[in-house]
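Bear in mind that the values in this text are calculations on the coordinates, not laboratory data. Note that the structure is a prediction, hence the values are computed from the model and not measured. Positions of Cβ are generated from backbone atoms using ideal geometry, with glycine treated the same way; all protein chains shown enter the neighbour counts.
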Amino acid sequence: MPVDDSFASGPPAGLSRRQIMAWSALAAAATPFGLAGRGGPAAAGESPDATYQRVFLEALAADPNLRRYAVTGREFLYRPRQLLVARPDVQRVMSRLRSYGHPATEGVGFAGVARLVFAAETDVPSVVTKLRDPQQWPGQPAPVVQPHHVLLGFGNIMGNPGGPPRVAGALPAPDPARAGEGAGVTVGICDTGIWRQAGSFHPQWLAGSYLPEADDEDAVYVGADVLALQGGHGTFVAGVVRQAAPGVRFDPEAALNATGVGDEEMLVAALGRLAPQASVINLSLGYFTQDDQPPLPLVNALAGLPGRAVVASAGNAGNSRRAWPAALDRVLAVGAVSAGSTGPVPAPYSSYGPWVDACALGSRTSTYVRGRLQLPGQPTRYFDGFAAWVGTSFATGHVAGRLAALMTSAGLSAEAAHAALVAGPRWHPHYGVLVA
């Protein structure tokens, strides 16, 4: 099975011409174990969005702890040399791996899942395919196995917002008449974390609405005041949630680094750190899995959080491929719409399908960070605490906030509010209920 460390096997299906250009520019520079130079100059006429995506892909390709499965339309990212196995299946899987010539040792597991570690570089997707084959297990069920998937702050190519944030003016002060919306509800936000200065720089929007903790901080910068590609993503999402429900509290937890990259173990750990009172969980992130199978660690982790409403991005792949954890049955999957001349229209970047439960406007202005974003060959963008950004990440934050507001206005539990919200008429069969 094709495992591509250089990201050079060709673009995923369903990309726009702009995205294919960005992918092609990256592939042209690829080498077997990374790229010949990161952050090269933009090609003549390359748009900021294309440069942003190209630099993001370069960052992924340069990560030694990341691999990409490269079959078009079935791509996913994963950690090398790791195999995740349901605990009841560990011994027979280890025995079978020895017979395949791929001996592995048991490492530290998580979320009720065992982690097997190969001593040398191994084609993990091929091993998973072989182990999942029922013909390999006559008279017994095939074991539950998967790669250790990598996840991202969702956007157009396997993750990352399709374009960089844009500079925006300050938000107006919160409307005092809406102060009760979401009051008494805490939203857990598993993302890049929160900017250290978020409360002091945004006193009207964020101060007093969360408990600052050192392990929740977003790294934000790659040096001095230069912003990482997704530094500030979590702070932006927090502002979107608060705009949707100005009375809500939130608990920020870091599940992604400032480039927007994490994995299943990081997300499970972030979920485990959420305050017990967090009744709504916002996940403006996600990932694809091998064979589009539900990810066992997330299934187990969310089963351990009863009574919570989980809201997750459907993704910005622009196709109907299921993204996780949004596509899990108990999760409220959120797509995005754009503003049209006569009303909302499906956003061309948004993922869609009957598995999407709700949608909202994906273009938002929100609280952000201070710093400068430098993309090669593009004008430097200077941010002073506010930004405009587009993606299902931000539609998700809005829906999570409105869910919290529904809890207070109707006196509902999180689960009851979830059920009430999705019980409304579907705005579109593949985008679910429209949440204003």
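Put in order of Cβ neighbour count within 10 Å, fewest first, the listed residues 121, 415 become 121, 415. What number comes out for the charge environment of residue 315, summing +1 per Lys or Arg and -1 per Asp or Glu over other residues with Cβ under 12 Å away? Net charge in that neighbourhood comes out at +2. Looking at the chain as a GNM with Cα springs under 10 Å, which of 423, 278, 347 has the largest mean-square fluctuation? Result for the chain, Cα springs under 10 Å: 423 fluctuates most.
What translational diffusion coefficient, in µm²/s and rounded to a whole number, does the Stokes-Einstein relation yield for the range 40-187 at 4 °C and a viscosity of 1.567 mPa s, taking the hydrodynamic radius as the Kirkwood radius over Cα pairs? Reported coefficient: 68 µm²/s. Counting every other Cβ atom within 10 Å of each residue's Cβ, 116, 298 order from fewest to most as 116, 298.
How much net charge surrounds residue 334 when only other residues with a Cβ under 11 Å from its Cβ are counted (Lys, Arg +1; Asp, Glu -1)? Charge balance near residue 334 sits at 0.
Net charge in the neighbourhood of residue 197 (other residues with Cβ under 15 Å of its Cβ; Lys, Arg +1, Asp, Glu -1) is -4. Hydrodynamic analysis of the range 199-252 uses the Kirkwood radius over alpha carbon pairs. Inserted into Stokes-Einstein at 10 °C and 1.306 mPa s, it gives a translational diffusion coefficient of 133 µm²/s.
Scaled to the compact-protein estimate 2.2 N^0.38 Å, what is the alpha-carbon radius of gyration of the range 79-143, rounded to two decimal places? Here the answer is 1.04, to two decimals. Among beta bridges from DSSP that stay inside the chain, the antiparallel ones total about 65%. Within the range 101-200, the ratio Rg/Rh, alpha carbon atoms throughout and Rh by Kirkwood, equals 1.18.
Were the residues from residue 175 through residue 211 laid out at 0.36 nm apart, the gain over their Cα-Cα distance would be 10.7 nm.
Beyond 43 Å, what share of the Cα-Cα pairs of the chain remains, rounded to the nearest whole percent? Considering the chain, 10 percent of its Cα-Cα pairs are separated by more than 43 Å.
Can you check how the C-alpha radius of gyration of the range 289-429 compares to 2.2 N^0.38 Å, as a plain ratio?
Ratio of Rg to 2.2 N^0.38 Å for the range 289-429: 1.17.
Decide, for the range 179-299, between rounded, prolate and oblate: order the square roots of the alpha carbon gyration tensor eigenvalues as a ≥ b ≥ c, take rounded if a/c falls under 1.5, and otherwise choose prolate if a/b is larger than b/c, else oblate. Oblate shape, in that a/c is at least 1.5 and b/c is the bigger or equal ratio.
Amide H contacts under 5 Å for residue 221: 228, restricted to partners 5 or more places along the chain or on a different chain, H placed in the peptide plane at 1.01 Å from N. Counting 0.36 nm for each residue step from residue 135 to residue 200 and taking away their Cα separation leaves a gain of 17.3 nm.
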